[in-house]
Amino acid sequence: MLIKTKTAEGLRCSIGLLILACGLNLPARAQTVPATPPMGWNSWNHFACKVSDAVVRAAADAIASNGMKDAGYVYVNIDDCWQGERDAQGVIHPNSKFPDMKALAAYVHSKGLKIGIYSSPGPKTCAGYAGSYKHEEQDAMQYAAWDIDYLKYDWCSASRVYKPEEISAVYKKMHDALVKTGRPIVFSMCQYGLKAVWHWGASVGGNLWRTTDDISDNYQSMYFNAHSEDGIEKYAGPGHWNDPDMLEVGNGHMSHDEYITHMSLWCILAAPLLAGNDLAKMTPETSAILTNSEAIAVDQDPKGVQGHWVSHDGPYEILAKPLSDGSTAVLLMNSGEDTERMTLTLKDIGVFKPADIRDLWAKKDLGKFKGTFSAEVPKHGAVLVKVH
């Protein structure tokens, strides 16, 4: 069913887009609502400003052929450093590393994938390239013309031109510009948790919002970013996600056990899964972590509940996440310096009967347990199980 809007607007919109495009006095919603946390790849963590058309094509080739696409990774996202200059009309053009952005998008789409791009509401991006300040609608239209599917919008220099209390309006301005294009574009808000973004991110159209500073490829940074999610789980759900930043799995500065913990935490926290490594040079061990279907199923569970901390006893922590099939995913995490036998008391996750437990990394049924479940958890490691 189609409904005609005000004559002056000369637009028509479907019932499903009334909230988005017809100017109704309702909370803003993003055009594309990822029902589960977005999955894909982002160029920044490994390539930073060395990103190029060739790098992005290679990432798309890898995702399409190495099992990542089948595992659910869809978005191939260009981060900072793609921008060139604006022309006399103010239209943004890519720099020489990206000779034809529309052709690049077509190539990514030909692989059955989607493509993302990056900007800032300030005059400059974090790396000093042109931001979208005073060009929001113009840039949104250009992204749509290039067939872009995802925008990461990074606060950066916006603090030079906006007051802190303006931040929500600034992000809504770009959301509205994206809606106006008529193209579904996922809106990723990167503002480092400023002004408690989880309280207002969904109301200005955000699909995901950063809750932390940038992640680094070390255990302490990863651990800190995960803990930024503690206590704000109620603000996440289908279509709007807390974002502790991208994955560092495979970038080489954490141990295998630490990368298992990293992936396990992001999955139980219903975080976006955006790989940040060099996919063309990925080891089998890294691939196995990133494509573990049973861990990913926890992240992508359609119930859309973000996991929460059940207990925190020094370096020993337990998190739980209720799943749509009535089971519960549980993470036993050891931040200590030695292997530790950790015990889950089943009643702490609402289980009062004997329960079947499956190890999601070993992909192995462990049997039926009554009252408690114990496992050896290595230093900086984790055990991820499903309790049913």
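A few comments on the model shown:
- Amide hydrogen neighbours beyond the local backbone of residue 311, cut-off 5 Å, H modeled: 318
- Inter-label distance, residue 89 to residue 341: 7.2 nm, where each label sits 7 Å from its Cα along the C-beta direction.
- A simple rule links phi to the HN-Hα coupling: the Karplus curve 6.51 cos²θ - 1.76 cosθ + 1.60 with θ = phi - 60°, which for the range 234-247 gives 5, 8, 9, x, x, x, 8, 10, 5, 10, x, 5, 7, 7 Hz, with x for Gly and Pro.
- The range 146-219 shape via C-alpha gyration tensor axes, a/c threshold 1.5: oblate
- The chain, helix-only ellipticity at 222 nm - DSSP H runs n ≥ 4, -39,500 (n - 2.57), divided by all residues, nearest 500: -7000 deg cm²/dmol
- Here r is the Cβ-Cβ distance between residue 124 and residue 288 and R0 is 30 Å; the resulting FRET efficiency, rounded to 0.05, is 0.15.
- The overall shape of the range 308-387, judged from the alpha-carbon gyration tensor, is prolate: a/c is not under 1.5, and a/b is greater than b/c.
- The amide H of residue 339, built 1.01 Å from its N in the peptide plane, has 379 as neighbours under 5 Å, considering only residues 5 or more places off or on other chains.
- Neighbour cut-off at most 16 other Cβ (10 Å), DSSP loop, trypsin sites (Lys or Arg not before Pro), the range 181-255: 195
- Whether the range 244-336 is rounded, prolate or oblate, judged on the alpha carbon gyration tensor where a/c under 1.5 counts as rounded: oblate
- Once the C-beta distance of residue 65 and residue 173 is scaled by a Förster radius of 41 Å, the resulting FRET efficiency is 0.55 to the nearest 0.05.
- With each label modelled as a point 7 angstrom along the Cα→C-beta vector, the residue 311-residue 35 pair spans 3.6 nm.
- In terms of the mean number of neighbouring beta-carbon atoms within 10 Å, the peptides 343-354, 74-85, 247-258, 262-273 order highest first as 262-273, 74-85, 247-258, 343-354.
- Working from label points 7 Å from Cα in the Cα-to-Cβ sense, the residue 203 to residue 362 distance is 4.8 nm.
- As a length-normalised measure over Cα pairs under 8 Å and 6 or more apart, the relative contact order of the chain settles at 14 percent.
- Per-residue extension of 0.36 nm, minus the Cα-Cα distance of residue 230 and residue 374, leaves a gain of 49.5 nm for this segment.
- With 23 Å as the limit, the listed pairs 195/303; 124/172; 50/152; 124/163; 347/368 have 195/303 beyond it between alpha carbons.
- Here the 3J(HN,Hα) profile of the range 185-190, calculated from phi with Karplus coefficients 6.51, -1.76 and 1.60 at θ = phi - 60°, is 9, 5, 10, 9, 9, 10 Hz, Gly and Pro shown as x.
- FRET E, pair residue 102, residue 160, Förster distance 22 Å, beta-carbon r, rounded to 0.05: 0.10
- Think of each Lys and Arg Cβ as +1 and each Asp and Glu Cβ as -1; about the Cα centre, that makes the dipole of the chain roughly 1300 debye.
- The stretch between residue 280 and residue 352 holds 21.2 nm of extra length on full extension. This uses 0.36 nm per residue minus the Cα-Cα distance.
We did not get these values from a lab; they are worked out from the coordinates using the rules stated. The model shown is predicted, which means the values in this text are computed figures rather than measured ones. Neighbour counts are summed over all protein chains in view; Cβ atoms, including those assigned to glycine, are modelled from backbone coordinates with ideal geometry.
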